[in-house]
Structures are given as C-alpha cells and as structure tokens.
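Structure, as structure tokens:
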Amino acid sequence: MKPETACIHAARDRSHSTGAVAVPIYQSATFAHPGVGHSTGYDYSRTQNPTREHVENLLAALEGGVSASAHASGMAAISTLMELFSPGDEIIATDDLYGGSIRLFDHVSTKNGVALRYVDTSDLSAIEAAITKATKAIFIETPTNPMMKITDIAGVKALTGERDILLIVDNTFLTPYFFNPILLGADIVIHSGTKYLAGHNDTLAGFLVIKSAEIADRLHFLKNTMGGVLSPFDAFLVARGIKTLAIRMERAQQNAMIIAQWLKEQPKVTAVHYPGLPLHPAYELSRRQARGFGAMISFSTDSVETAQNILNKTELILFAESLGGVETLVTYPVTQTHSYVPEAERMKRGIDDKLLRLSVGIEAAEDIIGDLEMAMK
Ligand SMILES: *Cc1c(COP(=O)(O)O)cnc(C)c1O
C-alpha cells in the first residue's frame, strides 16, 4: 500500500458492526467485564482505549513499526521514553533540538542521573567521538530546528552496529509520509502529533513508534504507569487529520519550495535554510533518505528591523509558535523556542535576532509571498 492510501486505510477496523467509516470516539473511562477472568480486551482507558488504539495502529503501519503508543503531547511521549533510562546512562543528542526536548533533558533527565552529550549529529565523526561504554541511546532530530541540518540515519546505524545503543529519531518535521527512519535502522520514532499529523493547530498529541516488540512492551507499560495518554477525542482528531496528511504535505512542500526560492532572491534576506534547495549542504542526502523535504524553512534577514517587520506586519502569516498546520506560521526562535539556550551557544549555531522560521501552510503560495513582500517593504 502506498503512503497516500495507508494514511486513509491502514488501520481501518473492518469488524465494526455498524460499518462506521470514521473511527468512533469511545468516550468511556472503563469497560465492563463479561465475567470473572474475561476481558473485552479493554479494561480501563489509561491502559487502552479503542479510539486511541486505532490511531496507534495507524502510526505503527505508517512508520513500519510493530507498535505505537499515543500520548497527550509530544513532550508526554518523550518524557515517557526517557523512563527507559537509568542513572549513569549517557545519551548523545543532536545539538540543534526542539527547545522542549532540551528543557526536559537539561532540567529533568540530568537531575535523574542521565547524562546528555550534545553533538552536531549531521557529522557522523562527531557522533563516533562521543560514544562511550555508557552510551545507551542516540537521539536525533532531522531536519533540525531551526537550522534544518540533516542527519544520515543509515550512517548512524552503521556506526552503532550491533552495540546496545537505541537509535531514536524525532520525525515530527518530515512525518511518515516523507520519511520512515525505522526502515533505515531506527529503533524508536517520535512524533509531536500536534504538528502535521493532526495538522490543523487544534490538538495536542504525541507518539512513539517502536521497531521491536520487547521495547514496545516496556513503553506501553510506562505509558500506562505514567498516565499521560492521548484522550479518545484527541485520538479521533489525529486520525481524522492523518486522512489528509498526503495532500497537505504535498501542497505545503510545493509552497515551501516556491517560497524558499523567492526568499533566496530577496535583497533583505541573507540566508535561506531549506533542504529542498540544491545549495543546501545535505540536499543529496535528503533526496537519498527521504521522499520529500518538508515545509519548514528558516532564513536570516539583513537587520533586526526587517525580521521584526515580518513578525509585526504580516497579515496572513501568523506570528505563533508551533508548526505543521494548514496555516502559515512564523516564529522568532531567539525569543520563543530557543530563548533559554545560552546566548553564546545560540550565536554559535546562528540563532540570532535576525533569524526567522516559517512553517509553510497550504494557502496559495502567491498570497504568502505577497504578505512577506508587504511586510518587508
Ligand atoms: C512540538 C515538537 C515537540 C513537542 O511536541 P508537543 O506536542 O508540543 O509536546 C517535539 N519535537 C518536535 C520536533 C516538535 O516540533
């Protein structure tokens, strides 16, 4: 089944006696037992709920995992995942991660005795140099946020080989429609379902998709134990969003390509970071390992004034955190997502007060460009 078809049909439950085409919202906290020693398969909704199970099955099918667990947000998923680790364990992580992941690692995981080593994972030799006997996982985001660096997942897998190191990939930016890290050797794939999967900026959700049954069992145990599960209604909204994932991703990517090319020609724009531009350093790698480049762009402007004019004056493009919805959003990493990254570290990575990040939506590209043009005048 092609990804477009899988988004719609992969987890359809053919046994529904009603023939319902949309997954029903099982808004029930608990489930009655037919008798002693019998269960319908559902006991209590924290443990499992049929609507949540549907969207978990859908994610597992789309990513090529054996199983998936659905959480109340992306951060709930990542927090649950971190409970796989114990004091003394080391994790190598991409240095240009989603800000919330850095906050969790630096303020919670570190307190719990798990050491994080941040490296530029787009450089395989930097990963290799950071591996020690205590390394238990490599945590990768690709493309990175906001600098759009790309990590070679098969290359990392070749490095870790048979060692007992979990390869974890946050695939929020590309989605299973464009990229399937498990097929390249990843053990666990993370999604903030809040973004492209739900797709309409109206729901929080998070997923872990798992390659092996053994780790899946541990994560489902942790999910039930920690309790930050996805509600039936939100599971329904994500399943509904995924039905249109393919056409939204195609359209947003098409727009992103047009806008990235337009930005590149603007005198007030000094750099454009988009993996779909042939001048991007990992353009070839992106084409090799993924089916698309996504629709996230970051760019630098000639002055703080130009950057702030875009934030203040655009009318269609909304100045808001988050990404992956139908509407185009612009963020200011320096004051929003990366505000608590120390200044020296931010500067080193090029995250300054002239850098903006665009999550390109599915409007007409010419309207988005017109809005940027008006704001930059
Ligand atoms: C948003 C995001 C998260 C966190 O997800 P929430 O649903 O906001 O908790 C994690 N990783 C990436 C790449 C994200 O963009």
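The values are calculated or read from the model by the stated rules, or taken from the named source; none is laboratory data. Remember, it's a predicted structure, so these values are computed and weren't measured experimentally. Virtual Cβ from ideal backbone geometry, glycine too; neighbours counted across all protein chains shown.
Entry remark, region 297-344: residues being part of a loop (DSSP other than H, G, I, E, B), more than 16 Å from the ligand (Cβ to nearest atom) and of a type in the set (A, V, I, L, M, F, W, C) number 4 in total. Checked against (1) under 13 Å from N145 (Cβ atoms); (2) among the hydrophobic types (A, V, I, L, M, F, W, C); (3) at pLDDT below 95, A344 passes all but condition (1).
So which residues in region 203-232 are out of contact with any strand residue (DSSP E or B) (no Cβ under 8 Å at 6 or more places or on another chain), within 16 Å of the ligand (Cβ to nearest atom) and in contact (Cβ under 8 Å) with a residue 40 or more places away in the chain? Passing the criteria: L204, M226, G227, S231. V66 meets each of the listed conditions (1) among the aliphatic types (A, V, I, L, M); (2) buried (at least 18 other Cβ atoms within 10 Å of the Cβ); (3) in contact with a helix residue (DSSP H, G or I) (Cβ under 6 Å, 6 or more places away or on another chain) apart from (2). Of the set (1) in contact with a Leu (Cβ under 8 Å, 6 or more places away or on another chain); (2) closer than 30 Å to P24 by Cβ; (3) within 16 Å of the ligand (Cβ to nearest atom), all apply to G65 but (3).
On the given criteria, is S109 buried (at least 18 other Cβ atoms within 10 Å of the Cβ), in contact (Cβ under 8 Å) with a residue 60 or more places away in the chain and of a type in the set (S, T, N, Q)?
Details: buried (at least 18 other Cβ atoms within 10 Å of the Cβ): yes; in contact (Cβ under 8 Å) with a residue 60 or more places away in the chain: no; of a type in the set (S, T, N, Q): yes.
No: the conditions fail for S109.
Scanning region 103-149 for residues that are hydrophobic (A, V, I, L, M, F, W, C), in contact with a helix residue (DSSP H, G or I) (Cβ under 9 Å, 6 or more places away or on another chain) and over 22 Å from M75 (Cα atoms) yields L124, I127, I131. Applying the criterion of being surrounded by 17 or more Cβ atoms within 10 Å (Cβ to Cβ) and at pLDDT below 95 to the residues of region 69-100, the residue that is nearest to the ligand (Cβ to nearest atom) is Y98.
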